[in-house]
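These notes are about the structure you will find just below.
The values are calculated or read from the model by the stated rules, or taken from the named source; none is laboratory data. Everything quoted here is computed from the prediction, not taken from an experiment. Positions of Cβ are generated from backbone atoms using ideal geometry, with glycine treated the same way; all protein chains shown enter the neighbour counts.
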Amino acid sequence: MNNPYLPVGATIREVVEESPTIRSFVLLPDEPVPFLTGQFLALTVPGVGEAPFTPSSSQYVTDRLELTVMRVGTVTEALHAMRPGDRVGVRGPFGTGYPLDAFRGRGVLVVGGGVGLAPLRSLLLTLRHDIERYRKVALRYGARTPADIIYRREVEEWRRDGRIDVAITVDRGDGEWTGRVGLVTTILQDTGIDPRDSVAVVCGPPVMMKFATFKLLDIGFPPAAIHLSMEKNMSCGFGKCGHCRLGTVYVCRDGPVLTYERVKDFREIWE
Amino acid sequence: MATYFIPTEEWEALVRALSRSARLYAPRAEGEDYRLEPAGDDSPPPPFSRYRAVQSLKAILFEPRFDVGGYLGGGDAAGPAGGGEAVVLGAKGCNIAALAVLDFALGADVPDPFYARNRERTLIVSSDCLDFKEVCFCTLVGGRPYPERGFDLNLSPVEGGFVVETGSPNGEAFVARFKDRFAPASPARLAARDAARAELTARLREHQRRLGYLWGAVSRELVERVFESPVWAEEAERCVECGACNFVCPTCHCFLLSDHGRERFRRLRNWDSCQYKGFARVGGGGSPRPALFERLRNRYDKKFVFCPAVIGVSGCTGCGRCVEACIGRIDMREVMKRLSGCK
Ligand code: SF4
Ligand code: FES
């Protein structure tokens, strides 16, 4: 019997400290776990439990998985205590992923906040893989402080090589920060991306998602062109356990990325 | 599908034979109630239950706590398999209505393999109600005190025996297997069945009317319209967050996976309750429904808005179990009545 409740084993190969509370884990699964960018996995810390994460690696890399995890609860706490060589489990992939076909030939404005850059990194790596398919790709990223910026070196590289138009802002600077200060909503205009024929992709903390969405609507993005990563409590991952219900959708099965058009009439979308 | 007639003695002999070849669940009378339990082959013939049992079919098809297997060397096989064919007697209209919800929730897309297996190997024999409990309100949510589809076999008592209706290929195969015991149902017997059904339905409707429950037809609009009503908070004051309403509900299907073991890692599937504070809480601690009244409202929203919209049937079957189970005496019929008064 094919048992969708059980994970395949994976070995942690590398742990990267991204910020005081965020670490990236490079996993070598015992068997390949192919996924489409935007789909998520349930990560098992043996004997402790599972939590859902969208991989931050490219969908074209299949021999290893990268997950970036903020320490916030029991499972992530236990995961942060793990070292290279330790064993975990992965189950999935679940959900539908970003509709890349619908992005083709259009501008893509990627808006991230904090650890929300993790799933977006997978998207950006996948977009960069054949960047010529898209009219223009821009990243607008906001973090609380400079220390909270994740993938800092990589984002710098992206900025330099110019395939993606990158701008970063922090809520609060420190002594060395010479970049922009302010909320990410302040840098969504004048990106050179025409909102009438482009898509926006948003991932970050709920409040940031909410205000970024309102700003994008303001600028002229249609509700159906705004793709939101919804964070909900999840257990099964494939539309059975009922935990992730939002209005008439199951976020695990129908999302986790849903257009604003799809969710705008539901309550509880920003909570 | 087709209708037949079987004399009472023949049916009882058949049940005795069945109890030797399959796991049999049958109602057992206990005071005014019936308990749906495994029946041994030496137990007396199960009574014909007048209305639904205390337990719903959910507990048989979707175990409260089930080991779905081990991982990372914890042994893969799920267990215990609890194997073999099963036959359930005594399901009622509201039980059968609940199957439509469970089948969709646990069986659609990627099915829960354990539910699918239980469903496959369980023959469901339902029967018409002959009476109703005070808490019954199936007729308010589009149901009837007799099943019309969704069973394998349905029994309607008539003079001298039962009219048997088949509702699935499995039911047909069952009748074919024991065809000597069945006769065609005469028009007179079918008419007697229909008359008894109409009489009970009318009596149940009269019961609702006397209690002032007239909200049935508008229930869905009702919950959508009264989202901001103060009634939710007032009713939730008596909720102690025990989850009993969810656990006794024949359609509630939410569950939580939990991990156990230090060396042999096992995973369990456990019934969960959307009334619990942590149900929808995310890793960071945020919750879309921090207040108890929001969770109470959520249960009605799932039953009366989500289920009709997504599954096409009511998520409430009107069985009244939650009314009986709630120690805070929160009565869904009353809640709906109060809500319908607040425009
Ligand atoms: S709710 Fe209806 S179908 Fe269920 S036991 Fe009561 S009368 Fe029978
Ligand atoms: S996580 Fe179980 S239904 Fe979505």
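Within the range A:235-250, the set of residues being of a type outside the set (D, E, K, R) and either at the interface with another protein chain (Cβ under 7 Å from one of its Cβ atoms) or more than 6 Å from ligand 2 (Cβ to nearest atom) (or both) comprises A:Ser235, A:Cys236, A:Phe238, A:Gly239, A:Cys241, A:Gly242, A:His243, A:Leu246, A:Gly247, A:Thr248, A:Val249. Could you tell me whether the range A:14-34 includes any residue that is under 16 Å from the mean Cα position of the chain (by Cα) and within 14 Å of chain B (Cβ to nearest Cβ)? Within the range A:14-34, one or more residues are under 16 Å from the mean Cα position of the chain (by Cα) and within 14 Å of chain B (Cβ to nearest Cβ). Filtering B:Arg333, B:Arg266 for residues that are on the phi < 0 side of the Ramachandran plot and assigned to a strand (DSSP E or B) leaves a single hit, B:Arg266.
Of A:Gly47, A:Gly105, A:Gly85, all but one fail to be on the phi > 0 side of the Ramachandran plot, within 11 Å of chain B (Cβ to nearest Cβ) and in a loop (DSSP other than H, G, I, E, B); the exception is A:Gly47.
The residue of the range A:222-234 that is nearest to B:Ala280 (Cα to Cα), among those that are at the interface with chain B (Cβ under 8 Å from one of its Cβ atoms) and near ligand 2 (Cβ under 8 Å from one of its atoms), is A:Asn233.
Quick check: anything in the range A:12-30 farther than 30 Å from A:Arg144 by Cα and either in contact with a Ser or Thr (Cβ under 7 Å, 6 or more places away or on another chain) or not in a strand (DSSP E or B) (or both)? Yes, there is a match, as at least one residue in the range A:12-30 is farther than 30 Å from A:Arg144 by Cα and either in contact with a Ser or Thr (Cβ under 7 Å, 6 or more places away or on another chain) or not in a strand (DSSP E or B) (or both). Just one of the listed residues (B:Cys239, B:Cys249, B:Cys307) is out of contact with any Pro (no Cβ under 8 Å at 6 or more places or on another chain) and within 16 Å of ligand 1 (Cβ to nearest atom), and it is B:Cys249.
All of A:Thr44, A:Thr68 fail the test of being under 17 Å from A:Val26 (Cβ atoms), touching a Gly at 6+ places or on another chain (Cβ under 8 Å), surrounded by 24 or more Cβ atoms within 10 Å (Cβ to Cβ) and at pLDDT 95 or above, apart from A:Thr44.
From the list B:Ala2, B:Ala39, B:Ala13, B:Ala17, the lone residue that is crowded, with 21+ Cβ neighbours inside 10 Å and more than 14 Å from chain A (Cβ to nearest Cβ) is B:Ala39. In the range B:123-132, is there at least one residue being within 14 Å of chain A (Cβ to nearest Cβ) and more than 16 Å from ligand 1 (Cβ to nearest atom)? Scanning the range B:123-132 turns up no residue that is within 14 Å of chain A (Cβ to nearest Cβ) and more than 16 Å from ligand 1 (Cβ to nearest atom).
Listed here are the residues, each with its yes/no results for (1) touching an Asp or Glu at 6+ places or on another chain (Cβ under 6 Å); (2) within 16 Å of ligand 1 (Cβ to nearest atom); (3) polar (S, T, N, Q).
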| site | (1), (2), (3) |
| --- | --- |
| A:Pro223 | yes, no, no |
| A:Asn233 | no, no, yes |
| A:Glu261 | no, no, no |
| A:Trp270 | no, no, no |
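The residue that is nearest to ligand 1 (Cβ to nearest atom), among those in the range A:235-259 that are among the hydroxyl-bearing types (Ser, Thr, Tyr) and part of a loop (DSSP other than H, G, I, E, B), is A:Thr248.
The test for being of a type in the set (Lys, Arg), more than 16 Å from ligand 1 (Cβ to nearest atom) and closer than 24 Å to A:Ser56 by Cβ holds for A:Lys210.
Residues considered: A:Pro34, A:Pro20. Of these, the only one that is assigned by TED's automatic domain parsing to the domain that holds A:Met70, closer than 21 Å to B:Val282 by Cβ, loosely packed, with under 15 Cβ neighbours inside 10 Å and not hydrophobic (A, V, I, L, M, F, W, C) is A:Pro20. The strands (runs of 3 or more DSSP E) found entirely in the range A:114-223 that carry 2 or more residues being within 16 Å of A:Tyr260 (Cβ to Cβ) are A:198-203.
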